[in-house]
1. Quick check on my filter: what residues within region 64-81 are in contact with a Gly (Cβ under 8 Å, 6 or more places away or on another chain), surrounded by 15 or more Cβ atoms within 10 Å (Cβ to Cβ) and under 23 Å from Met255 (Cα atoms)?
2. Tell me, please, whether a residue that is among the small types (Gly, Ala, Ser) and at pLDDT below 90 can be found in region 305-316.
3. Looking at region 292-299, can you tell me whether even one residue there is part of a loop (DSSP other than H, G, I, E, B) and either in contact with a helix residue (DSSP H, G or I) (Cβ under 7 Å, 6 or more places away or on another chain) or modelled with pLDDT of 90 or more (or both)?
4. Among the numbered conditions (1) over 23 Å from Asn125 (Cα atoms); (2) over 25 Å from the mean Cα position of the chain (by Cα), tell me where Arg208 comes up short.
5. What's the total number of residues in region 193-229 that are at pLDDT below 90 and aromatic (Phe, Trp, Tyr)?
6. Here are some conditions: (1) at pLDDT 95 or above; (2) within 13 Å of the chain's Cα centre (by Cα). Arg232 meets all but one. Which one does it not meet?
7. So if I check each of Arg231, Arg266, Arg283, which one is among the basic types (Lys, Arg), surrounded by fewer than 21 Cβ atoms within 10 Å (Cβ to Cβ) and in contact (Cβ under 8 Å) with a residue 24 or more places away in the chain?
8. Return the pair list, or none, for Cβ contacts closer than 6 Å from residues in region 149-163 that are under 22 Å from Leu218 (Cβ atoms) to residues that are modelled with pLDDT of 80 or more and assigned to a helix (DSSP H, G or I), at least 6 apart or on different chains.
Amino acid sequence: MRKQHPNSQIDISLNAAIVTVDVDQASIFVVNPEGTTSPRLDHRSLPYGPFEPENHLTLERGLRAWVKEQTHLNLGYVEQLYTFGDQGRQSLPDQPGVAHVSVGYLALTRRETTEQHPSQGRWCNWYDFFPWEDWRKNKPAIIDDIIIPALEGWDDQPANASNPNRPQRRHERINLCFGLGGLSWDEEKVLERYELLYEAGLVAEAGRKGRHQQNAELAQRMGQQMNHDHRRILATAMGRLRGKLKYRPVVFELMASEFTLFELQRSVEAISGRLLHKQNFRRLVEKGGLVEATGTMSITTGGRPASLFSFRREVLQERPAPGLRVSARR
């Protein structure tokens with residue numbers, strides 16, 4: 001039987017990827033770690049704090065308490081994502097016998113309810129951390145200019161005795177993650193893409209503690225880094241929210257109480273990183289019974305007045321999966 005380290009202990013922290021949408025920008029709230037005021041990019045962290053069983057009745061209550069203390073934000077929808085516990089995941093030196101475990105959460109809040117607290121943190125466009133994920137204008141140039149050539153070089157590395165099939169598996173993963181070889185881009189594979197880039201040593205976090213020999217200039221072009229493994233947690237949250245849109249009406253947790261269909265479409269596009277077909281989107285939303293007209297008009301659209309709608313909550317009892325299964329515009 002393997003002996004346990006005499007001083008072994010588990011340090012549990014609670015991390016929140018807090019998302020809001022302002023028309024066409026999906027944003028994530030970041031804070032500086034305790035004791036730092038530097039705006040350095042590698043100090044950007046998700047709100048987090050230790051789980052304290054004596055003070056927190058549940059993990060979620062502990063999370064909400066830390067978020068309230070650090071950000072002054074009131075969270076709406078909250079969902080547990082995953083437990084992260086890999087060795088070497090902390091930016092700081094590891095403590096012997098201490099296992100650092102984080103319980104990650106996706107949390108949503110409406111922009112109209114948020115308060116600005118510059119000393120506590122700030123909202124950042126989540127595509128600043130994952131520039132290859134935003135396809136709303138075109139395929140991001142970073143994919144063909146930087147990512148694919150770098151991954152092909154990594155893919156060409158020879159196999160070794162312990163893993164003779166490694167190059168073949170790498171090639172398959174590259175195709176699957178980035179829609180190559182006749183495959184299509186899957187917007188939900190945010191975490192798979194980030195982990196592939198991490199394994200190839202192409203993101204800044206992979207160079208910590210000498211894990212990879214890196215081209216530092218290339219790594220700096222691969223999006224803003226985050227403290228610890230918070231970018232991995234954020235990637236998990238992005239993929240989860242993108243997938244959730246298709247079978248649960250979570251997007252309405254981010255919308256104002258009244259909105260136009262154009263605003264709703266722009267918000268869905270901001271999250272998914274894909275443009276949607278306008279007529280198909282409106283047909284799906286209206287025929288699916290997801291919204292109802294309020295009878296009032298918006299005059300802030302810059303053009304003709306647009307009808308205002310609200311989320312029709314009765315749909316939750318009427319259908320098992322009232323989401324937005326829309327296709328990207330080609």
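1. Thr71, Leu81
2. The answer is yes; a qualifying residue exists.
3. no
4. Against the list (1) over 23 Å from Asn125 (Cα atoms); (2) over 25 Å from the mean Cα position of the chain (by Cα), Arg208 comes up short only on (2).
5. Number satisfying all stated conditions: 0.
6. Tallying (1) at pLDDT 95 or above; (2) within 13 Å of the chain's Cα centre (by Cα), Arg232 fails exactly one: (1).
7. Just a single option satisfies the conditions, and that option is Arg266.
8. Leu151/Ile174; Asp155/Arg170; Asp155/His171
The values are calculated or read from the model by the stated rules, or taken from the named source; none is laboratory data. In this text the structure is predicted, and so the values were computed from the model without any measurement. Backbone-built Cβ (ideal geometry, glycine too); neighbour counts: all protein chains shown.
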